[in-house]
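Asks: If you scroll down you'll find the structure; I have some questions about it.
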Amino acid sequence: MSNFIITLMVAHFLASLGAAEIKNLKMATVSLLVQSLFLCTIFYAFKQLTGNESLIWWVLTTFLTKVIFIPWLLFIYIRRLPKIEVKPLLGLLPSLLILFFFLVIFYRFIHTYVEFLAPTPEAAVEPARSNLSLAFTIFALGIYTVIARRDAVKIVIGLILMENGVHLSLVTLTPQLPETTIFGITSNVIIAVFLLLYLTEKIYKALGTTDTLQLSSLKR
């Protein structure tokens with residue numbers, strides 16, 4: 001089971017990379033959906049491994065919000081916006097090279113010194129150790145996407161990646177969260193995504209672009 005979870009983590013990371021790097025926003029959303037589906041599967045695998053029945057709520061809420069509702073919102077708004085993201089600050093090849101070296105180094109650093117971040121016996125052993133390292137890596141990928149992208153929709157996807165990284169870390173750090181807290185976390189994400197996409201549509205109608213670097217023109 002431990003090896004199976006690590007395999008799921010690799011697939012989860014590759015889908016995350018696709019969501020960050022694919023220029024076609026519909027395909028990036030599909031990649032985000034697949035990433036969230038792997039997230040659900042990781043939660044379920046941890047439930048089977050640890051016997052923690054409360055993780056079934058994580059599976060259900062993650063599936064409803066991140067596999068169904070959030071991609072549905074993205075698809076609705078992408079139909080009203082340009083289908084290809086605004087040209088990012090970095091091209092595909094340099095972006096992938098930077099991500100490869102940075103994320104590999106970042107993952108190894110977290111994996112080596114995970115005891116400083118989560119000084120618990122559970123976090124120090126596999127697959128929890130790799131899971132926590134991956135969670136921080138996905139969070140860092142989300143930050144990179146927010147910083148390096150100019151397209152407002154892709155920035156929203158970056159924020160979702162960041163939240164998914166946080167969500168993934170909780171299965172190691174606080175697996176016994178009550179159901180009400182889980183519902184509160186996921187509902188806040190849905191509201192935030194909806195508001196950001198709504199504002200993106202208004203910006204596009206006002207400026208004819210989703211390029212966030214041109215938002216300064218709204219001051220005039």
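The values are calculated or read from the model by the stated rules, or taken from the named source; none is laboratory data. These numbers were taken from a predicted model, which means no experiment stands behind them. Don't worry about glycine lacking a Cβ; one is built from the backbone with ideal geometry, like all the others, and counts go over all protein chains shown. When the accessible area is computed, the model is the full protein with side chains, heavy atoms only, and any ligands, DNA or RNA have been set aside. Shrake-Rupley method; radii C 1.70, N 1.55, O 1.52, S 1.80 Å.
Asks: Can you list residue pairs whose Cβ atoms sit under 6 Å apart, with the first residue in region 5-17 being in contact (Cβ under 8 Å) with a residue 40 or more places away in the chain and the second being surrounded by 17 or more Cβ atoms within 10 Å (Cβ to Cβ) and β-branched (V, I, T)? Count only pairs 6 or more apart in sequence or on different chains.
Replies: S16/I138
Asks: Return the residue satisfying two criteria in turn: it lies in region 75-97 and is free of Cβ contacts under 8 Å to residues at least 24 places away in the same chain and open to solvent by 70 Å² or more (accessible area, probe 1.4 Å), and of such residues it is nearest to L32 (Cα to Cα).
Replies: Looking at the filtered set, the residue picked out is R79.
Asks: Just wondering, is there one or more residues in region 118-133 that are surrounded by 12 or more Cβ atoms within 10 Å (Cβ to Cβ), part of a helix (DSSP H, G or I) and without any contact (Cβ under 8 Å) to a residue 12 or more places away in the chain?
Replies: Yes: one or more hits.
Asks: Select from region 52-74 the residues that are open to solvent by 50 Å² or more (accessible area, probe 1.4 Å) and of a type outside the set (D, E) and write down the one among them that is farthest from A128 (Cα to Cα).
Replies: W72
Asks: Checking the conditions here, which among L170, L199, L161, L218 is under 27 Å from L117 (Cβ atoms) and either open to solvent by 40 Å² or more (accessible area, probe 1.4 Å) or modelled with pLDDT of 85 or more (or both)?
Replies: Residue meeting the stated conditions: L161.
Asks: List pairs: first in region 195-216 and assigned to a loop (DSSP other than H, G, I, E, B), second surrounded by fewer than 18 Cβ atoms within 10 Å (Cβ to Cβ) and at pLDDT 85 or above, Cβ under 7 Å, 6+ apart or cross-chain?
Replies: Every condition considered, the pairs that remain are T210/P82.
Asks: Could you check R108 against (1) open to solvent by 80 Å² or more (accessible area, probe 1.4 Å); (2) under 16 Å from G18 (Cα atoms) and say which number it fails?
Replies: Only one criterion in (1) open to solvent by 80 Å² or more (accessible area, probe 1.4 Å); (2) under 16 Å from G18 (Cα atoms) is unmet by R108, namely (2).
Asks: Sticking with this one: Pick from G91, G51, G18: which is under 20 Å from G165 (Cβ atoms) and among the small types (G, A, S)?
Replies: None of the other options fit; the residue is G18.
Asks: Follow-up. Have a look at A45, A20 and point out the one that is over 17 Å from L170 (Cα atoms), open to solvent by less than 20 Å² (accessible area, probe 1.4 Å) and assigned to a helix (DSSP H, G or I).
Replies: On inspection, the qualifying residue turns out to be A20.
Asks: Turning to a different aspect of this structure: Looking at the structure I just gave you, is F38 at pLDDT 90 or above and closer than 22 Å to R129 by Cα?
Replies: Judged against the criteria, F38 is a match.
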